[in-house]
Amino acid sequence: MYHAPRGTTDILPQEQAYWRYVEAKAARICQLYGFERIEFPVFEDAGLFFRSVGESSDIVEKEMYVFEDKGKNRLALVPEGTASVCRAYVEHGMQNLPQPVKLFYFTPAFRYERPQSGRYREHHQFGCEAIGEADPALDAEVIDMAWQFFTSLGLKRLNLVINSIGCKQCRPVYVNALKEYYGGHIDELCPDCRTRLTRNPLRLLDCKDPSCVRLAEAAPRSIDYLCPDCQAHFEQLKQYLGILGFPFRIDHRLVRGLDYYTRTVFEIQPEIEGSQSTIGGGGRYDNLIEEIGGKPTAGIGFATGMERIIANLKRENIPVPPLPKPQIFIAFLGAQAKDEVTKLTASLRKSSIEVVQALGTKSLKAQLRQANSLGASLTLIMGDEEVKAGTVVLRDMTRAEQETVPLAQVRDVLRSRLA
Ligand code: HAM
């Protein structure tokens, strides 16, 4: 027997109500904030991610699904959506459109991680990118949008954390300060962080190892090393967030795991313990478009994992609207009746009435059981007698009441009963 690959899951019909609910809320919030949908391939030139997500990020270094196709092209399954959206922005000349260009997407994302609760090798993201504007008011708008999205889902106990990690000018000074600080504590670092210290010192700040957490508390803070422009940007962002009026906390340990970020970074975390708790995150990436071959263009966005949102909805017992059940089930007894109900089924469907027809040679009792388990509110039953009389039996499944209806009137009767 085959199984879904480790770290992947099937999204079965009974889960679909959650997915449709989250997708509908996401699409609504995007409409409210003026974002348009984009779709991109599930694989891209692997180089795109080396240049954007970054060679020293865990994603590129350890987790990317890279493969060579039969044409010897080096491709990667997308580990996230930002790089693809930026590639599409450059490729389709979107810098000629009014800026910022605001795009949203749903995408599967692939990362070869150690699977655990809330961490998969294939997960699904809803993400938004606003490209072509450096105004901190846009940072506030995108953060607000993420916050309003989670709120609109009914999620309550959430925390918003923000930070600024500076730009090309001021970050190197900060990184040096970090190297110097951690250099004096090498013995206290976990083995991973000892290697990270040379390759990607920022990542030491969000290591979960208890000893590294202790060290990070006292580490230099990026906001103390911002150049005047980055400092002004951060001050204005805080001012706009204040105007929008929702609570946020500055966390100097928030650096995010992708290398493309500049200035603003943020995450939304539920108030629960656990290392996989972040449900959404994002930030600015003002160098990314240039890195992948476009003109210097600012941008900011966020993404959130559908699976983690749904886990939070379930944990908080937030009800989601059930998906519609089939309206009508059609049962039959005998070969002649089967021919008639096949005709009837087709004609009702043409009239936009949702119908499931019984098949095979099941007993009437078994057919009614099937109608019940599908959740159909009405069942039509036809046997030899009804065929002869040109009628059909209409059974109300909740009241267990039956009446006989002439075939010529069945459509109108159903319409009035379903209204
Ligand atoms: P990210 O933080 O790597 O950011 O992923 C975004 C969200 O995807 C996370 O907050 C989490 O909910 C979910 N997620 C990530 N990895 C997994 C996994 N292995 N299993 C389940 N869920 C996961 C990005 O991907 C950036 N592209 C976000 C962004 C957009 N920044 C700017 N624009």
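The values are calculated or read from the model by the stated rules, or taken from the named source; none is laboratory data. Here the structure is a predicted model, which is why all the values come from computation and not from measurement. Note: ideal-geometry Cβ built from the backbone for every residue, glycine included; neighbour counts use all protein chains shown. Ligands, DNA and RNA are stripped out before the accessible areas are found, and what is left, the full protein with its side chains, is counted by its heavy atoms. Shrake-Rupley method; radii C 1.70, N 1.55, O 1.52, S 1.80 Å.
In terms of packing, defined here as the mean over residues of other Cβ atoms within 10 angstrom, the peptides 69-75, 128-134, 56-62 line up highest first as 128-134, 56-62, 69-75. Taking only the alpha carbons of the stretch 146-213, we obtain Rg and Dmax values of 16.3, 47 Å in that order. For the stretch 105-197, the dipole from Cβ point charges (+1 on Lys and Arg, -1 on Asp and Glu) about the Cα centre works out to 420 debye, to the nearest 20. Along its first, second and third principal axes, ordered by size, the stretch 300-419 spans 68, 28, 26 Å in Cα coordinates. Residue order by solvent-accessible surface for PHE248, PHE329 is PHE248, PHE329, largest first, with ligands and nucleic acids left out and a 1.4 Å probe.
Under 23 Å of direct C-alpha separation, and excluding same-chain neighbours fewer than eight residues apart, LYS168 reaches these lysines: LYS179, LYS238, LYS295.
Using a probe of 1.4 Å on the protein chains alone, the accessible area found for HIS124 is around 40 Å².
The portion of the accessible surface of the chain made up by carbon and sulfur, rounded to a whole percent, is 51 (1.4 Å probe; DNA, RNA and ligands excluded).
Reducing the stretch 370-402 and the stretch 268-323 to their Cα centroids gives an inter-centroid distance of 48 Å.
Take the Cα atoms of the stretch 114-242, build their convex hull, and give its volume per residue in Å³. Numbers along the way, then the final one.
On the way: hull volume 21.5 nm³, N = 129.
With only Cα atoms used, the stretch 114-242 gives 167 Å³ per residue.
Average accessible surface for the stretch 241-321: 38 Å² per residue, computed with a 1.4 Å probe over protein heavy atoms with every protein chain in place.
Averaging 1/r over each pair of different alpha-carbon atoms in the stretch 204-348 and inverting the result gives 20.3 Å, the Kirkwood hydrodynamic radius.
Placing ARG121, ARG87 in order of accessible area, with the largest value first and a 1.4 Å probe, yields ARG87, ARG121. Would you please classify the overall shape of the stretch 190-282 from the alpha carbon gyration tensor, given that a ≥ b ≥ c denote the square roots of the eigenvalues, rounded means a/c under 1.5, and beyond that prolate means a/b larger than b/c while oblate covers the rest? It comes out oblate by the Cα gyration axes. The value obtained for the stretch 247-319, namely the Cα convex hull volume divided by the number of residues, is 124 Å³ per residue.
Would you list which lysines come within 20 Å of LYS362, measuring only between C-alpha atoms, while excluding same-chain residues fewer than 8 positions from it? Within the straight-line cut-off, LYS362 pairs with LYS338, LYS343.
With the largest listed first and rounded to whole Å, the semi-axes of the equivalent ellipsoid of the chain from the Cα gyration tensor are 54, 22, 21. Quick one: grab the alpha carbon gyration tensor of the stretch 72-173, order the square roots of its eigenvalues as a ≥ b ≥ c, and give me rounded if a/c is under 1.5, else prolate or oblate depending on whether a/b is larger than b/c. Note, shape of the stretch 72-173 comes out rounded.
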